[in-house]
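Worksheet: one structure, shown below.
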Amino acid sequence: MVVKKQSISSSSSWTEKRKYSKIKEIHYSFLKPQLRYALLICVSVSVWFVILRCFLLSSFSSSANSNKKLNVAEKVKTISESSAISRCEGGMSVYLYDMPAEFNKGLLKDCSHLNTYTDMCPHVANSGLGQPLSYMVASAVATTWFATHQFIAEMIFHARMENHPCRTFDPINAKLFYVPFYGGLDASGKFHSANLTERDELAVRLADYLRSKPWWERHHGKDHFLVLGRTAWDFLRRNNEFGNSLLSLPDVQNMSVLTVERNPWDLVHNQHGIPYPSYFHPYTSHQMMTWQNRMRQSSRPHLFSFIGGQRKGVEKAAVRDELIKQCSESGRCNLLRCGKGPSKCHDPIEVLKVMSQSQFCLQAPGDSFTRRSTFDSVLAGCIPVFFSPHTVYTQYEWFFPAGDVSAYSVYIDENVLKMGNGTERVVSIEEELLKIEREKVERMRRTVINLMPRLTYAHPNATDSGFQDAVDVALEALWAKRLKLNI
């Protein structure tokens, strides 16, 4: 039904207006004041109820739509809170010795002579992190990536401890004592000095300094520890040859010594392996999780890869020749050869590019049993393949899972790669890796990527990164060791 609009004269319009106005007045005139007040309250409450209901429905809808985002944020928050609570639990506290500068930061004044092979000045910058890699990843925060030197863990550990939540300034009640001695930087500048007394001089003064402290006398150093950025062999001089004798000093043998490579036949049982520093030093768990997810999603067209060069005259590195040969002959291997002079091997982005595109990364011994490359491969989500048990299995018990090493790595005994006169190959690396089922490879990679946080050194300025990094794991293990000693 259509209702047509009728024309209304001005007089009738006025009449209608008067009519409705009069009715309105008559209507309210029948209400008593009390009823008018009650009606006003009812209307007000009804309006507020409608507004509140609309608000709640809007909030619920918004929350539902952004549920996944909130879950990620809550997860990061939960990780951060639990890390802060558990990190110093049980009363663990660490006193950091305020030592004379000659034992640590004073050495940096002569940084160009801290290594007989390399100018260390660029590498000791930024508390040992080295030079920033602003070009590393477009989506990454530039200050989380650095060209970190492999033998600089002692500086990074010191910088982390200066801001660590478990640090105490009260030595009387401290449970652990950290001795920030840059022993690796001291030793590497004097490796070939003919004067053996000069090589040992600072190490001997360190022992004298510690014995003069009342905190040392309480347990004769059993609750003390120091960190060395070089391998134990550099501090175990034999027959007046390479290195100094720091680890042979009786006072140092009372302490716990954290080093990037321990002597697997250590009879004192005071050496503990810690990770070589890689290039990634995140501030937060969010940055760590972002990188982990990136590596989970990385395309890996190469079955395996090898980054390295030959080592002439080093028996433990002889397997490298075979790895280079097999890799170069395989269409499934990506080989990045290293040698003297400029090389892509020293470019972090090239190294991680090769590893992040490979399913397995071959880790052969070099000048010593261990390799920084092992930790680069974990950072790239690449499953490491070892040829000596001393590359990881006897080194880093605090950091890698105990028990089934096949959960995160592949082991091929270097002695079975060849036999006889060296012309008949017993084991093909490619064939061995192809035998591993795809589902198992995926499980192994997940385990490797989950290991990233505990093998990484967080940025020294991160007071609470929200995850347990290599420093946190080491402190927790040292605390457990102290409790076991019952001192």
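If you take the alpha carbon atoms of region 232-354 and fit the smallest convex hull around them, that volume is 179 Å³ per residue.
For the residues T456, T463, a 1.4 Å probe over the protein chains yields an accessible-area ranking, largest first, of T463, T456. In a fully extended conformation the segment linking E350 and R211 would gain 45.3 nm over its present Cα-Cα distance, using 0.36 nm per residue.
Among 353-364, 386-397, 200-211, 293-304, the peptide with the highest mean count of other Cβ atoms within 10 Å heads the list, and the full ranking is 353-364, 386-397, 200-211, 293-304.
Cross-link partners for K353 among the aspartates and glutamates, with Cα-Cα distance under 19 Å and sequence neighbours closer than 8 places in the same chain left out: D376. One Cα centroid belongs to region 101-136, the other to region 224-290; the line between them spans 18 Å. Semi-axis lengths, largest first, of the ellipsoid equivalent to region 309-462 are 24, 19, 16 Å, with √(5λ) applied to each eigenvalue of the Cα gyration tensor. Potential lengthening of the chain between Y411 and N173 amounts to 81.2 nm, from the contour at 0.36 nm per residue minus the alpha-carbon distance. Region 371-407 and region 329-347 have Cα centres spaced 21 Å apart. Using the Cβ-Cβ distance between D321 and T116 with R0 = 22 Å, the FRET efficiency computed as 1/(1 + (r/R0)^6) comes to roughly 0.25. Rg and Dmax of region 431-487, based on Cα coordinates, read 17.1, 53 Å.
Peptide packing for 263-269, 403-409 was compared via the average number of neighbouring C-beta atoms within 10 Å per residue; ordered from the highest value, the list is 403-409, 263-269.
Please go through the residue pairs K109/K213; K109/K340; K105/K222; K175/K481 and name each one whose alpha carbons sit more than 20 Å apart in this structure. Flagged as over cut-off: K109/K213; K109/K340; K105/K222. Taking all protein chains as shown and a probe of 1.4 angstrom, C327 keeps an accessible surface of around 0 Å².
In plain terms, the chain from Q297 to D266 could stretch by 7.0 nm, reckoned as 0.36 nm per residue minus the Cα-Cα distance. Per-peptide packing, taken as the mean over residues of other Cβ atoms within 10 Å, places 239-252, 117-130 in the sequence 117-130, 239-252 from highest down. The calculated FRET efficiency for the pair K440 and C338, based on their C-beta separation and a Förster distance of 30 Å, comes to about 0.45. By the Cα gyration tensor, region 151-237 has an equivalent ellipsoid whose semi-axes, rounded to whole angstrom, run 26, 17, 9 from largest to smallest. Would you compute the Debye intensity of region 89-235 from its alpha-carbon atoms alone, equal scatterers and no solvent, and pass along log10 I(q)/I(0) at q = 0.08, 0.11, 0.17, 0.21 Å⁻¹ to two decimals? Each listed q maps to, in turn, -0.26, -0.49, -1.02, -1.32. Counting every pair of alpha carbons in region 265-327, the share spaced more than 18 Å apart comes to 68 percent.
Taking amide hydrogens as placed 1.01 Å from N in the peptide plane, the amide H of R230 sits under 5 Å from those of G184, V260, each at least 5 positions away in sequence or on another chain.
In terms of overall dimensions, region 319-404 has a Cα radius of gyration and Dmax of 13.2, 41 angstrom. Listed by chain and number, the aspartates and glutamates whose alpha-carbon sits under 16 Å from that of K190, ignoring those within fewer than 8 places in the same chain, are E102, D110, D119, E198, D200, E201, D234, E241.
Whenever you get a sec, line up Y457, Y283 from highest to lowest accessible area (probe 1.4 Å, protein heavy atoms). Spell out each step's value before the answer.
Working: Y457 5, Y283 70 Å².
The residues order as Y283, Y457, largest area first.
The values are calculated or read from the model by the stated rules, or taken from the named source; none is laboratory data. Note that the coordinates shown come from a computational prediction; the quantities given were computed from them, not determined experimentally. Ideal geometry is used to build each Cβ from the backbone, glycine not excepted, and the neighbour counts take in all protein chains shown. Quick note on the areas: whole protein, heavy atoms, side chains included, nothing else; ligands and nucleic acids left out. Shrake-Rupley method; radii C 1.70, N 1.55, O 1.52, S 1.80 Å.
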